[in-house]
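Structure record follows, encoded as structure tokens.
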Amino acid sequence: MDRHTKEQRSFNMSKIRSVNTTPEILLRKKLFAKGFRYRLNVKTLPGKPDIVLKKYKTIIFVNGCFWHGHNNCKYYVIPKTRTDFWISKINRNIERDIINNEKLITAGWKVITVWECKLKKDKLEDTLEKLIECIISTER
């Protein structure tokens with residue numbers, strides 16, 4: 001049973017954004033400060049990637065741990081209510097992510113996924129360092 005009324009739940013869900021999330025903005029600011037220039041949410045590419053670094057032929061998706069089913073992560077906890085709905089929804093997101101990544105890789109892009117939990121204060125600098133190494137490496 002849901003603790004909120006239908007109207008309260010609708011209001012809560014309406015506040016969840018798919019673009020310009022706090023983790024996205026944080027990562028973009030850090031990349032920009034390091035000299036990287038990028039495009040945002042390019043609609044012509046599969047999955048409308050969060051960050052597109054054309055110069056490096058690299059795509060970065062900033063995934064929320066809950067919404068994209070980050071295994072073994074403390075932020076990925078299936079709700080106790082409407083469990084079947086949430087499992088189905090998250091599995092569809094995971095399947096869509098896999099399909100979009102395959103399309104991008106086939107088109108010659110390097111695809112990097114950065115998880116929300118890796119952008120927390122205690123892990124941010126290490127994540128940024130590894131990300132930059134991955135971006136500038138010539139391997140795909």
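The figures follow:
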item: Residue, modelled with the lowest pLDDT, within the stretch 72-118, restricted to residues that are within 30 Å of Arg3 (Cβ to Cβ) and hydroxyl-bearing (Ser, Thr, Tyr); result: Thr81
item: Top-ranked residue in the stretch 62-89 [being aromatic (Phe, Trp, Tyr) and assigned to a helix (DSSP H, G or I); ranked as nearest to Ile25 (Cα to Cα)]; result: Trp86
item: Residues located in the stretch 76-89, provided they are open to solvent by less than 60 Å² (accessible area, probe 1.4 Å) and not hydroxyl-bearing (Ser, Thr, Tyr); result: Ile78, Pro79, Trp86, Lys89
item: Pair list, Cβ under 8 Å, 6 or more apart: the stretch 65-86 residue at positive phi, other residue assigned to a helix (DSSP H, G or I) and hydrophobic (A, V, I, L, M, F, W, C); result: Gly69/Ile90; Gly69/Ile94
item: Condition broken by Gly35, with the remaining ones in (1) farther than 19 Å from Ile136 by Cα; (2) surrounded by fewer than 19 Cβ atoms within 10 Å (Cβ to Cβ) satisfied; result: (1)
item: Of all residues in the stretch 57-71 being open to solvent by 10 Å² or more (accessible area, probe 1.4 Å) and either out of contact with any helix residue (DSSP H, G or I) (no Cβ under 8 Å at 6 or more places or on another chain) or under 11 Å from Leu104 (Cβ atoms) (or both), the one that is modelled with the lowest pLDDT; result: Asn71
item: Qualifying positions in the stretch 37-68 - of a type in the set (Asp, Glu) and in contact with a Lys or Arg (Cβ under 6 Å, 6 or more places away or on another chain); result: none
item: Output for the stretch 90-140, where each listed residue is open to solvent by less than 30 Å² (accessible area, probe 1.4 Å) and in a strand (DSSP E or B); result: Lys110, Ile112, Val114
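The values are calculated or read from the model by the stated rules, or taken from the named source; none is laboratory data. Worth saying up front: this structure is predicted, and the values here are computed from it rather than measured. All Cβ positions, even for glycine, are placed from backbone atoms using ideal geometry, and neighbour counts span all protein chains on display. Side chains are part of the model used for accessible areas, which takes the heavy atoms of the whole protein and leaves out ligands, DNA and RNA. Shrake-Rupley method; radii C 1.70, N 1.55, O 1.52, S 1.80 Å.
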